[in-house]
Amino acid sequence: MEELNPFTIAQRQLDQAAEIMGLDPATHELLRWPLRELHVTLPVKMDDGTTRIFHGFRVQYNDARGPTKGGIRYHPQETIDTVRALAAWMTWKTAVVDIPLGGGKGGIVCNPKEMSMGELERLSRAYIRQVGRILGEDMDVPAPDVYTTPQIMAWMMDEYSFMRGYNVPGVITGKPLPLGGSQGRNDATARGGVYCTREAGKVLGVNLQGATAAIQGYGNAGQFAHLLAEELLGMKVVAVSDSRGGIYNPNGLDPRAVIAHKERTGAVADFPEADNITNEELLELEVTVLFPAALENQITALNAPRIKARIIAELANGPTTPEADMILYENGIYVIPDFLCNAGGVTVSYFEQVQNAYNYYWDLETVHKRLDIKMTAAFHAVHETAQQYKVNNRMGAYIVAVARVAEACKLRGWV
Ligand code: NAD
């Protein structure tokens with residue numbers, strides 16, 4: 001049976017990189033585990049007068065390079081091992097784009113789709129009352145992830161500010177603009193991935209103008225990937241999907257119309273100008289670029305042999321298993337690995353922190369320009385390292401990131 005525990009996968013990826021790099025055993029073992037984690041139990045008053053008990057986590061994986069940074073996910077299937085894996089990937093992500101932060105992640109086991117706004121607010125504030133004791137601008141800075149929003153970030157920042165007794169905008173990123181959010185944060189993850197895709201097109205000699213794309217997942221990352229693949233690369237997005245299924249039109253899908261349809265009906269399915277398809281069918285379409293932008297373990301040993309995309313730009317975290325990675329590499333499919341491809345989000349989150357600390361805010365053009373510089377440099381560092389070591393891009397990214405984190409651990413005298 002293929003291993004699908006995300007944390008075991010994250011550890012196996014690190015093990016492989018450690019071997020290729022010849023990492024010393026103590027540093028390797030240190031980097032296999034989170035430095036700290038907090039498990040919390042949250043009583044929340046529901047609208048019907050009952051009290052429900054929720055469980056949550058915050059994992060601070062490694063802070064050798066700076067305060068831990070990483071989103072908070074609300075999901076019914078959330079587990080501590082998913083959060084650990086995501087916290088590990090955040091550590092490699094901040095290192096690969098070379099920003100002075102470490103990696104962390106948080107999560108609450110809940111189904112936000114079944115909760116009212118009032119219940120979500122009380123849950124979010126309860127989480128901060130427990131986890132706030134280990135958060136801070138110089139300690140650990142959360143952000144949004146799956147099913148968490150700028151509004152949730154605003155409640156969390158407000159609760160934390162009450163705990164401290166003064167306004168602390170820099171404790172959390174992905175805030176709404178009037179509360180110290182950054183220009184360009186909303187589409188930053190997708191934009192960073194689209195910049196990487198542009199660079200991949202250049203190194204592979206693939207013309208992306210008019211080329212086709214498919215996107216799995218239609219939330220923050222997926223919707224903006226649709227808009228930006230069209231706007232910045234001139235691509236034609238022929239299929240998109242969400243948790244309720246996908247849609248396909250070989251002539252291309254208009255992003256504004258699909259977004260409006262999803263807002264109206266709650267799903268992309270049954271969009272009038274397309275045929276319904278399954279998520280499995282979407283992944284196996286013959287397209288130039290496939291953007292996984294949903295959850296982990298979507299490309300496995302089972303479906304990897306049938307994937308026909310030329311480039312896979314992983315906006316989601318952990319969408320590809322190690323077995324699938326090997327198959328894709330053998331089949332010559334160019335994978336832009338998750339913690340490089342989706343690092344635009346944390347990069348603009350870092351810009352948001354910097355602006356909060358300055359209390360002075362940049363215009364959109366400045367954010368885009370600085371993001372492009374960071375993503376382009378990271379892309380080429382990974383591409384060149386992969387070529388040099390004759391490994392896939394995921395290992396290339398690991399080698400770049402782990403070397404930076406290991407150097408910081410050594411300089412601090414930890415190992
Ligand atoms: P989101 O909550 O905005 O959207 C998630 C989307 O995935 C929704 O459209 C949902 O319907 C869809 N989905 C869920 N299960 C699915 C399934 N089984 N098949 C197909 N679609 C499914 O979340 P998001 O912020 O867009 O995050 C998506 C991915 O990108 C996650 O892996 C997340 O960790 C990663 N990511 C997000 C950011 C960010 O800044 N938002 C940054 C880095 C990485």
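The numbers here are math on the coordinates, done by the rules we state, and not lab data. Source: prediction; values computed, not measured. Cβ placement follows ideal geometry from the backbone for every residue including glycine, while neighbour counts extend to all protein chains displayed.
Among the conditions (1) within 16 Å of the ligand (Cβ to nearest atom); (2) within 18 Å of Leu101 (Cβ to Cβ); (3) not basic (Lys, Arg), Val402 misses just one, which is (1). Can you tell me which residue within segment 131-162, out of those that are among the charged types (D, E, K, R) and out of contact with any strand residue (DSSP E or B) (no Cβ under 9 Å at 6 or more places or on another chain), is nearest to the ligand (Cβ to nearest atom)? Of everything passing the filter in segment 131-162, Glu137 is nearest to the ligand (Cβ to nearest atom).
If you filter segment 53-92 down to residues that are under 13 Å from Pro6 (Cα atoms) and of a type in the set (A, V, I, L, M), you find that the one that is nearest to the ligand (Cβ to nearest atom) is Leu86.
A Cβ distance below 6 Å, combined with a sequence gap of six or more or placement on separate chains, defines the contacts here; from segment 203-232, residues that are without any contact (Cβ under 8 Å) to a residue 12 or more places away in the chain reach no residue that is of a type in the set (S, T, N, Q). Of all residues in segment 94-118, none satisfies the criterion of being buried (at least 19 other Cβ atoms within 10 Å of the Cβ), part of a helix (DSSP H, G or I) and touching an Asp or Glu at 6+ places or on another chain (Cβ under 8 Å). Residues in segment 184-196: is at least one assigned to a loop (DSSP other than H, G, I, E, B), under 21 Å from the mean Cα position of the chain (by Cα) and closer than 22 Å to Gly266 by Cα? Scanning segment 184-196 turns up at least one residue that is assigned to a loop (DSSP other than H, G, I, E, B), under 21 Å from the mean Cα position of the chain (by Cα) and closer than 22 Å to Gly266 by Cα. Among the residues examined, Leu228 does not qualify as within 15 Å of the ligand (Cβ to nearest atom) and either crowded, with 24+ Cβ neighbours inside 10 Å or hydroxyl-bearing (Ser, Thr, Tyr) (or both). A single member of Thr27, Thr41 is more than 23 Å from the chain's Cα centre (by Cα) and either of a type in the set (Lys, Arg) or crowded, with 18+ Cβ neighbours inside 10 Å (or both), and it is Thr27.
When Ile327, Ile299 are checked against the criterion of being within 14 Å of the ligand (Cβ to nearest atom), more than 17 Å from Gly192 (Cα to Cα) and buried (at least 16 other Cβ atoms within 10 Å of the Cβ), a single residue qualifies: Ile299.
This table checks each residue for (1) more than 9 Å from the ligand (Cβ to nearest atom); (2) surrounded by fewer than 24 Cβ atoms within 10 Å (Cβ to Cβ).
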{"site": "Arg191", "(1), (2)": "yes, no"}
{"site": "Val194", "(1), (2)": "yes, no"}
{"site": "Gln209", "(1), (2)": "yes, yes"}
{"site": "Thr212", "(1), (2)": "yes, yes"}
{"site": "Gln216", "(1), (2)": "no, no"}
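Just a yes or no: is a residue in segment 351-365 within 14 Å of the ligand (Cβ to nearest atom) and farther than 23 Å from Pro250 by Cβ? Checked segment 351-365: at least one residue is within 14 Å of the ligand (Cβ to nearest atom) and farther than 23 Å from Pro250 by Cβ.
Counting only residues that are among the hydroxyl-bearing types (Ser, Thr, Tyr) and surrounded by 22 or more Cβ atoms within 10 Å (Cβ to Cβ), which one in segment 148-182 is nearest to Ala294 (Cα to Cα)?
For segment 148-182, the residue satisfying everything is Thr148.
Might you check whether a residue that is within 25 Å of Ile277 (Cα to Cα) and assigned to a helix (DSSP H, G or I) occurs anywhere in segment 200-221? Yes, because at least one residue in segment 200-221 is within 25 Å of Ile277 (Cα to Cα) and assigned to a helix (DSSP H, G or I).
On the stretch given as segment 44-66, residues that are of a type in the set (S, T, N, Q) and surrounded by 14 or more Cβ atoms within 10 Å (Cβ to Cβ) total 2.
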